[in-house]
Amino acid sequence: SIIMSRESRMRSQEKGFDNINGLIGPGTPAVAYPGAKYARYAVIDFGKEVTGYPMIEIDGANGGEIIDLGYSEALQTPEGQILSPASGKIGIVNADRAGVHNADRYICKAGKQSFRTFDKRTFRYLQLDLRNVNGLLAVGPVSLMFSTYPVEHRGSFECSDQLINRIWEVGRWTVQLSMEDSYSDSPWRERAQWWGDVRLEALVNYYTFGDLLLVK
């Protein structure tokens, strides 16, 4: 189901989790405590926009625990203000931003298990909301099976202006995320092929990846 929960949340630093870094690192997973009044949640920053299949490892479930995964390109305040990554402020994921429902809900069975989404998701920030936790629940690591068209970095560009160099890198990465079995208008919203997008993306591709087969 595509659901974004609206209940109040308890910040992870309010003892909803132990070993919070276990959500992203190898070894010992994070542990969610039972009995919290509110859902415990954590936001994972993947560092830049990514696309693929989110995966999560779970152990110690009694069955019926709910894990909501919400995805977004940006964080915002509870009042809806978009936060800049440079602000250093703690924000939340709005997985219903701009009317695009960008979330998954997983209901645990008993025991040890793993979950991977059935379709691709595109995001920088992934928020986990845990509910109905009635015992110590081990969660993590959370990872991503990255998935795009198989490009090769054949083209390169560098100049004395670091801003222009950054624009080159961001543009190349954006086009790669938008290349699947066709060019898409965006990797997170419609994911549809529109000729106006194809023309521009193909031109960038020629300079960066030199691939001719996808547009053919």
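The values are calculated or read from the model by the stated rules, or taken from the named source; none is laboratory data. All values reported here derive from a predicted model rather than from experimental measurement. Methodologically, a virtual Cβ is constructed for each residue, glycine included, from the backbone with ideal geometry; neighbour enumeration extends over all protein chains shown. These accessible areas exclude ligands, DNA and RNA; they are computed on the full protein's heavy atoms, side chains included. Shrake-Rupley method; radii C 1.70, N 1.55, O 1.52, S 1.80 Å.
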(message) Compute for the stretch 115-216: radius of gyration divided by Kirkwood radius, i.e. Rg/Rh, restricted to C-alpha atoms, rounded to two decimals.
(response) 1.10
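So in the chain, what percent of DSSP beta bridges are antiparallel if you round to the nearest 5?
Working: 43 of 45 bridges.
About 95 percent, rounded to the nearest 5.
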(request) For the chain, with a Gaussian network of springs between Cα atoms less than 10 Å apart, report the residue from GLU169, GLU49, GLU73 with the top mean-square fluctuation. (result) GLU169
(message) If each DSSP helix of 4+ residues adds -39,500 (n - 2.57) and the sum is divided by the residues in the chain, what number results at 222 nm, nearest 500 deg cm²/dmol?
(response) -4500 deg cm²/dmol
(message) If you only keep lysine pairs separated by 8 or more in sequence, or across chains, how many in the chain come under 29 Å at the Cα atoms?
(response) 14
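Ignoring ligands, DNA and RNA, what percent of the 1.4 Å accessible area of the chain is carbon and sulfur?
Values: 6380 of 12010 Å².
Answer for the chain: carbon and sulfur cover 53 percent of the accessible area.
Based on Cβ point charges of +1 for Lys and Arg and -1 for Asp and Glu, what charge dipole magnitude is obtained for the stretch 52-174 about its Cα centre, in debye rounded to the nearest 20?
Details: 13 positive and 14 negative charges, 34 e Å.
I would put it at about 160 debye.
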(request) Determine the principal axes of the Cα atoms in the chain, then give the extent along each, sorted from largest to smallest and rounded to whole angstroms. (result) 55, 35, 34
(message) Using the Cα atoms of the stretch 32-150, I'd like the radius of gyration and the largest Cα-Cα distance, Dmax, both in angstrom.
(response) 14.7, 46
(message) Projecting each Cα onto the charge dipole of the chain (Lys/Arg +1, Asp/Glu -1 at the beta carbon, about the Cα centre), which of GLY47, HIS153, VAL170 comes out farthest on the positive side?
(response) GLY47
